[in-house]
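This report concerns only the one structure given below.
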Amino acid sequence: MTATSVRLGLRANAGQFALLVALNAFVGAMVGLERSVLPLIGKDDFGLSSKSAILAFVVAFGIAKALANLAAGGLAERVGRKRLLVLGWLFALPVPLLIATAPSWWVIVAANVLLGLNQGLAWSMTVVMKIDLVGPRRRGLALGLNESAGYLGVALTACATGALAATYAPRTLVWVGAAVIAGLGTLASLFFVRDTGAHVDEEQRLRGAAVASTLRSAFVRGTVSDRVLRACSQAGLVNNLNDALAWGLAPLYLAANGASVTEVGIVAAVYPAVWGLGQLATGALSDHTGRKPLIASGMLVQAGALALLVAGGGAFAPALGAAILLGVGTALVYPTLIAAVSDVAQPVDRAQLVGVYRFWRDFGFVVGAVVAGTLADAFGYGTAIVVVAALTAGSGIWVLATRWGEHPAPLRRTAAELLADAQRRIAPRLEPAEAFAALEGGAALIDLRSEDERRREGVIPGSIHIPRSVLEWRLDPDSGYSNPHIGPEQKIIVFCAHGFSSSFAAVAARELGYRTSTDIVGGFAGWKAEGLPVLDASETDEEQELLPGMGGPHPTGARIEAYEKGS
């Protein structure tokens, strides 16, 4: 991708954005395959009774994913986003084989190390690449779409495995589904995804020069020194702490209280489904309300959901209500936290700071699995769930007590920056002598100046007068008012008095389909200073048109002939 073709925004990058959304659904589906049945596989297929032993797969997954997130943030600028995305999918390819052939539970745990690496690299890069593409204006919406796709992927595969587990062996469902998804994800990343490094450079250019931090300084800032990042990191950790409980302990809790495999699958699927669908609204909402209100309220809603789960005693109906509430709370929190981190990061630091945040967030899987498993073994399911609910409520209060920065305003650009951007997009601009040669070669030379300027300063022989105010109508063949003397195959060269407004006009001509349109450096003043032919307006015998800008090339006259002979 060339510098001139890089544009920020959701609409400008719709194709790649949609591809990354679909790809993240595949990333989520890899986890969803395990969501409802893997704890039951540990209990039934491998005869495990210790909750801590069963939850070891969550610990392994969480450690691997957290470290992969951190590494991805540090490597993204040096290695490139796409390469890390592809590497993430390569880590996923052995997972189905290990699950299918595992002679012991610890091989399943090892497979989840690879799954954690897949999730850390692939999910991190789809997140960061979408932020790169859209720029700052609709960041919350972009993250809502990304996280929604990922967790709807989790929900669909969790529901499917739960529903089919009564007919097919659960382990077979997991490894067959994983093989299909990992293969498709690898191929799509390798052949269709484009790197977004140029978009990072473009946004950084608009924000001003900055030097990327080291990973060490980014880790300190994201963990300790920046109050907003510190609050986001702890909230992310606690969010995934209770997610680890929902993933690893809730299926066992429901089964112990008489729930069928299908009912466990429904509860396991409803939570990420509500979470995924809710993010379609909450991500965009955070762009308007600010991040803090949604994060704090989401953590408190999650705490209430866990309280409902334990109050219901493991019965299906209250567990389903708790899953819905937990999904709502997580939807409020999940995309908003990443958007909040991105808000305070320079574009060149974004991948590292998002990586630090995601490290702490996914380390919550480790803390949650250890805390929930240990407490459940020692005191029972209810105590474990109550403790996690209390931690979640405390996290929301922490966010409420944190002084938040101003909601970031859309980038303001100066007139000089807009002009520089326009001139970059129409490069190469032409020096007056080059424009004269192009005119002789058949290019259309368009004079944007007013009639007063032309009478006062003169005109360029062979040029076509189209005032700037009607340029788009005269160049668009579909407008019904196009100039009949200009063909779509012609090179368009526009000029104004001094070469400023003509640059914006040339950009408009390119967007109308004249892909090589450009302007004259220095405009008419530069042309005249070079001694190139100029006629008095009276010499052109210009007829008054019914509509401005519909005339043809002005007569060349004797002056241009004399110039050509002299040259």
| Rounded percent of accessible protein surface that carbon and sulfur make up, the chain, 1.4 Å probe | 64 percent
| Angle, helix 261-289 long axis vs. longest principal axis of the chain, Cα atoms, 0 to 90°, nearest 10? | 30 degrees
| Which lysines have a Cα lying under 27 Å from the Cα of residue 491, excluding residues fewer than 8 positions away in the same chain? | 528, 565
| Using the Cβ atoms and a cut-off under 9 Å, what net charge is assigned to the surroundings of residue 69, where Lys and Arg are +1 and Asp and Glu are -1? | +2
| remark: Kirkwood Rh over alpha-carbon pairs of region 254-413 plugged into Stokes-Einstein at 20 °C, 1.002 mPa s gives a D in µm²/s of 126 µm²/s
| request: Please state the charge dipole magnitude for the chain, taken about the Cα centre, from unit charges on C-beta atoms (+1 on K and R, -1 on D and E), reported in debye and rounded to the nearest 20. | output: 2160 debye
| request: Name the lysines eligible as straight-distance cross-link partners of residue 130: C-alpha to C-alpha under 16 Å, and not fewer than 8 places from it in the same chain. | output: 82
| Expected 222 nm ellipticity per residue - DSSP helices of 4 or more, -39500 (n - 2.57), all of the chain, to 500 | -21500 deg cm²/dmol
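Within region 117-169, list the chymotrypsin sites (Phe, Trp or Tyr not before Pro) lying in a DSSP loop whose Cβ has at most 16 other Cβ atoms in a 10 Å radius.
In loop regions of region 117-169 (DSSP not H, G, I, E or B), the sparsely surrounded chymotrypsin sites (Phe, Trp or Tyr not before Pro) are 168.
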| field | Cα-Cα pairs of region 102-151 separated by more than 19 Å (percent) | value | 43 percent
| What does the charge add up to near residue 275, with Lys and Arg as +1, Asp and Glu as -1, over the other residues with Cβ less than 10 Å from its Cβ? | -2
| message | Calculate log10 I(q)/I(0) of region 381-512 for q = 0.21 Å⁻¹, where I(q) comes from the Debye formula with a single equal point scatterer on each Cα and nothing for solvent. | response | -1.29
| request: Taking only protein heavy atoms into account and a 1.4 Å probe, give the accessible area per residue of the chain in Å². | output: 39 Å²
| What translational diffusion coefficient, in µm²/s and rounded to a whole number, does the Stokes-Einstein relation yield for the chain at 37 °C and a viscosity of 0.692 mPa s, taking the hydrodynamic radius as the Kirkwood radius over Cα pairs? | 124 µm²/s
| field | Taking N as its residue count, the alpha carbon Rg of region 430-507 over 2.2 N^0.38 Å | value | 1.05
| field | the chain, relative contact order [Cα under 8 Å, separation at least 6], % | value | 17 percent
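The values are calculated or read from the model by the stated rules, or taken from the named source; none is laboratory data. Small disclaimer: the values here were computed from a predicted structure and weren't measured. Cβ: placed from backbone, ideal geometry, glycine included. Neighbour counts: every protein chain shown. All accessible areas refer to the heavy atoms of the entire protein, side chains included, with ligands and DNA or RNA removed. Shrake-Rupley method; radii C 1.70, N 1.55, O 1.52, S 1.80 Å.
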